[in-house]
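The structure appears below as structure tokens.
The values are calculated or read from the model by the stated rules, or taken from the named source; none is laboratory data. Computed from a prediction, not measured in an experiment: that's the story for all the values here. Cβ coordinates were reconstructed from backbone atoms using ideal geometry, including for glycine residues, and neighbour counts include every protein chain displayed. Note: areas computed on protein heavy atoms with side chains; ligands, DNA, RNA excluded. Shrake-Rupley method; radii C 1.70, N 1.55, O 1.52, S 1.80 Å.
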Amino acid sequence: MPEDANPFESLQEQIDDAAAHMGVDDDVLERLKNPERILETNLSVELDDGSVGVFRAYRSQFNGDRGPYKGGIRYHPNVSRDEVKALSGWMVYKCATVDIPYGGGKGGIVIDPREYSEAELERITRAFATELRPMIGEDRDIPAPDVNTGQREMNWIKDTYETLENTTAPGVITGKAIDSGGSLGRVEATGRSTMLTAREAFEYLGKDLSSATVAVQGYGNAGSIAAKLLQDDHDATIVAVSDSSGGIYNPDGVDAHDVKAFKNETGSVTGYGGATEELTNEELLTLDVDLLVPAALENAIDRDLAAEVKADVIAEAANGPLTPDADDVLTEVDVIVIPDILANAGGVTVSYFEWVQNRQRFYWAESRVNEELERHIVGAFDDLVECYEELGLPNFRTAAYVVALRRVLSASEEAGRWP
């Protein structure tokens, strides 16, 4: 199994690696490596049987130099203080990489949502929204969905905030259902940006995506949509997919849509009839494929596993799926890694579009959303490549962080110091 690397330490190491090519003062760098504030709270909520459950919850606001804090809320048993700190930092540099006017935030509740009823989850969510109320707002901090949350939870948070504030403020949160002020194209956005960055990387490398073999670790929203778009739009062959229960493999390919329908029906990809064999997540990550898409949780690939990776290109649909040591190994063997702060930035980019539409009370056609998303992602990829070549950087991740740090530093310097 991959090592249990501390995600916050991984983030700080990534920032240090980029700053080494920029000449950033130590005191300035220290500010860019740590959150501005963190909410840590215990939610006491009555459960269906009349007992009271207590749930630890967090919200980290990392840096607001470029705009309101922005970032998801996840429900997972492994949510921790260091995890939300890391994720909020990645959001800062993700927003800066794709040049949207946000800072970074992240939150979560330590919970396995499968163990609770919908009514209990609503009460837990509303309790968290009540705690978040002083911190969030359309121009302060704008949460969004993340692992194990979606439109339902975002709608509950929006309603709680609007009820307590006695106002209408759809822009207080993104990732909402369409009838509650959500944006067309938001559900597909993370998978779409993963596909777009893979397309751009293959073109940059002079490779043909239509003849590529693809393995996807994590067949949730981002992974499954990336697989469908790679298959449908570019004729790539999806040879393996996995979820928390395990993986499936067929060297001749599986149909991305059929596998998702099977998972929706059974709760797992394992047992799918179109596969020739089943494998573990670790085995999937080391398959000899052209494109590997890690779309699960952090630290999926550590140094030891990286030594066995055979993919030519990795597109990080998840946040932090590679440890810094794994990055070093893959850089040495010329594996191209499209970093998470670009590859999965479609979600926050279309969240930005949703927020813009909410503020204007004017909503876009899905075609416009997708066109604007492609413009941002392709432009960000071009900026990354220009920086990578200009400075002779070791890999794309370092290039992305240099681009992002330059933008955050510029905003900070232009604002000056107060008090």
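Give the residue that is farthest from residue 197 (Cα to Cα), with candidates limited to residues of the range 376-391 that are hydrophobic (A, V, I, L, M, F, W, C) and open to solvent by 10 Å² or more (accessible area, probe 1.4 Å).
Residue satisfying both the conditions and the ranking: 391.
Kindly indicate the residue of the range 157-169 that is farther than 17 Å from residue 359 by Cβ and out of contact with any Leu (no Cβ under 8 Å at 6 or more places or on another chain) and also surrounded by the fewest Cβ atoms within 10 Å (Cβ to Cβ) among those meeting that condition.
Looking at residues that are farther than 17 Å from residue 359 by Cβ and out of contact with any Leu (no Cβ under 8 Å at 6 or more places or on another chain), I get 166.
For residue 154, all conditions in the list (1) more than 30 Å from residue 278 (Cβ to Cβ); (2) in contact with a Phe, Trp or Tyr (Cβ under 8 Å, 6 or more places away or on another chain) hold save one; what is the number of the exception?
(2)
Quick grid of which residues meet (1) at pLDDT 95 or above; (2) over 23 Å from residue 237 (Cβ atoms); (3) touching a Phe, Trp or Tyr at 6+ places or on another chain (Cβ under 9 Å); (4) crowded, with 24+ Cβ neighbours inside 10 Å:
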site	(1), (2), (3), (4)
279	yes, no, yes, no
286	yes, no, no, no
297	no, yes, no, no
306	yes, yes, no, yes
310	yes, no, no, no
323	no, yes, no, yes
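For the range 67-96, give me the residue count where each residue is of a type in the set (S, T, N, Q) and either crowded, with 24+ Cβ neighbours inside 10 Å or part of a strand (DSSP E or B) (or both).
Here the count works out to 1.
Can you tell me which residue is nearest to residue 140 (Cα to Cα) among those in the range 38-54 that are assigned to a loop (DSSP other than H, G, I, E, B) and in contact (Cβ under 8 Å) with a residue 12 or more places away in the chain?
47
Condition check: closer than 30 Å to residue 115 by Cβ, modelled with pLDDT of 95 or more, crowded, with 17+ Cβ neighbours inside 10 Å and polar (S, T, N, Q). Does residue 10 satisfy that?
No.
Looking only at the range 340-357, filter to residues that are open to solvent by 10 Å² or more (accessible area, probe 1.4 Å) and closer than 15 Å to residue 103 by Cα; which one of those is farthest from the chain's Cα centre (by Cα)?
355
Would you point out the residue of the range 23-37, among those that are assigned to a loop (DSSP other than H, G, I, E, B) and open to solvent by 50 Å² or more (accessible area, probe 1.4 Å), that is nearest to residue 304 (Cα to Cα)?
Per the criteria, the residue is 23.
Only one of 373, 393, 384 is under 28 Å from residue 176 (Cα atoms) and among the hydrophobic types (A, V, I, L, M, F, W, C). Can you tell me which?
373
Restricting attention to the range 368-375, does a residue exist that is under 18 Å from residue 97 (Cα atoms), surrounded by fewer than 18 Cβ atoms within 10 Å (Cβ to Cβ) and in contact with a Cys (Cβ under 9 Å, 6 or more places away or on another chain)?
Checked the range 368-375: no residue is under 18 Å from residue 97 (Cα atoms), surrounded by fewer than 18 Cβ atoms within 10 Å (Cβ to Cβ) and in contact with a Cys (Cβ under 9 Å, 6 or more places away or on another chain).
Is there any pair linking a residue in the range 143-162 that is without any contact (Cβ under 8 Å) to a residue 60 or more places away in the chain to one that is open to solvent by 30 Å² or more (accessible area, probe 1.4 Å) and in a helix (DSSP H, G or I), with Cβ under 7 Å and at least six apart or on different chains, and which?
155/180; 156/122; 156/126; 158/180; 160/126; 160/130
Report, ordered by the first and then the second residue, all pairs with beta carbons closer than 8 Å, sequence separation of six or more or different chains, a first member in the range 55-84 that is free of Cβ contacts under 8 Å to residues at least 40 places away in the same chain, and a second member that is of a type in the set (Phe, Trp, Tyr) and open to solvent by less than 10 Å² (accessible area, probe 1.4 Å).
Short answer, once both residue conditions are applied: 67/102.
Does any residue of the range 122-141 turn out to be modelled with pLDDT under 95 and within 26 Å of residue 15 (Cα to Cα)?
Scanning the range 122-141 turns up no residue that is modelled with pLDDT under 95 and within 26 Å of residue 15 (Cα to Cα).
Take the range 100-156 and flag every residue that is open to solvent by 30 Å² or more (accessible area, probe 1.4 Å) and aliphatic (A, V, I, L, M).
Result: 110, 119, 135, 147.
Of (1) over 18 Å from the mean Cα position of the chain (by Cα); (2) over 15 Å from residue 192 (Cα atoms); (3) open to solvent by 50 Å² or more (accessible area, probe 1.4 Å), residue 232 satisfies all except one. Which?
Among (1) over 18 Å from the mean Cα position of the chain (by Cα); (2) over 15 Å from residue 192 (Cα atoms); (3) open to solvent by 50 Å² or more (accessible area, probe 1.4 Å), the lone unmet condition for residue 232 is (2).
Would you call residue 184 open to solvent by 40 Å² or more (accessible area, probe 1.4 Å), touching a residue at least 24 places away in the same chain (Cβ under 8 Å), farther than 26 Å from residue 397 by Cβ and not in a helix (DSSP H, G or I)?
Yes; evaluated as a whole, the condition is true for this residue.
Hey, among 413, 374, which residue is within 18 Å of the chain's Cα centre (by Cα) and among the acidic types (Asp, Glu)?
The unique qualifying residue is 374.
I need every pair where a residue in the range 208-226 that is part of a strand (DSSP E or B) has its Cβ under 8 Å from the Cβ of a residue that is open to solvent by 10 Å² or more (accessible area, probe 1.4 Å) and of a type in the set (Val, Ile, Thr), sequence separation at least 6 or different chains.
213/237; 214/237
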